[in-house]
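The values are calculated or read from the model by the stated rules, or taken from the named source; none is laboratory data. Because the structure is predicted, anything quoted here is derived from the model rather than measured. Using ideal geometry, Cβ is built from the backbone for each residue, glycine included, and neighbour counts are taken over all protein chains shown. Keep in mind that these areas ignore ligands, DNA and RNA; they rest on the heavy atoms of the full protein, side chains included. Shrake-Rupley method; radii C 1.70, N 1.55, O 1.52, S 1.80 Å.
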Amino acid sequence: MNTNMTITKSFNTTIIDSDLSSLPDELLEYSIDAILEEGVLEALPIVRTIKGAIKTAGNIQDKLFLNKIVSFLFHLKDVDSNQRKKMISNIDSNQKFKVQVGEKLLYIIDKCDDHSKSAIVSLIFKAYIEEKIKYS
């Protein structure tokens, strides 16, 4: 399985199945190096996957990407996992949407300049999950 598919799969698993409510409020104060060294988020599949890629390649872009992912997930922590699972399942099963939600979110997050913009993306996605806005 190629790296992009592995990251997409682990990101989907993280959004759908992980207990994001257990993320500490101080999380965004951690540096990425501290997260990588201390294993603060080791329970999240996406973090383990990207952490493995960073250990292999040591790429600064991967570290910055992980920082954006962590920021995105942190802002979803108070959304019920059943709500996340239901909404993602609805999108993924609809033929109208050509790209699965996890893959699309990764594209968007990757294009963000920094972690604060990925937090904004997270808040928009949260509003969609909570049906405050429509997908379109």
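One residue stands out among those in segment 57-88 that are polar (S, T, N, Q) and touching a residue at least 40 places away in the same chain (Cβ under 8 Å): the one that is farthest from A127 (Cα to Cα), which is N67. Scanning segment 78-101 for residues that are part of a helix (DSSP H, G or I) and either open to solvent by less than 70 Å² (accessible area, probe 1.4 Å) or modelled with pLDDT under 80 (or both) gives S81, R84, M87, I88, S89, N90, I91, D92, V101. Just so you know, in segment 18-34 the residues that are out of contact with any helix residue (DSSP H, G or I) (no Cβ under 7 Å at 6 or more places or on another chain) and in a helix (DSSP H, G or I) include one that is modelled with the highest pLDDT, and it is S21. Can you find even one residue in segment 107-129 that is within 21 Å of L23 (Cα to Cα), surrounded by fewer than 16 Cβ atoms within 10 Å (Cβ to Cβ) and among the β-branched types (V, I, T)? Yes.
For residues that are surrounded by fewer than 19 Cβ atoms within 10 Å (Cβ to Cβ) and charged (D, E, K, R), scanning just segment 39-61, find the one that is modelled with the highest pLDDT. That would be R48.
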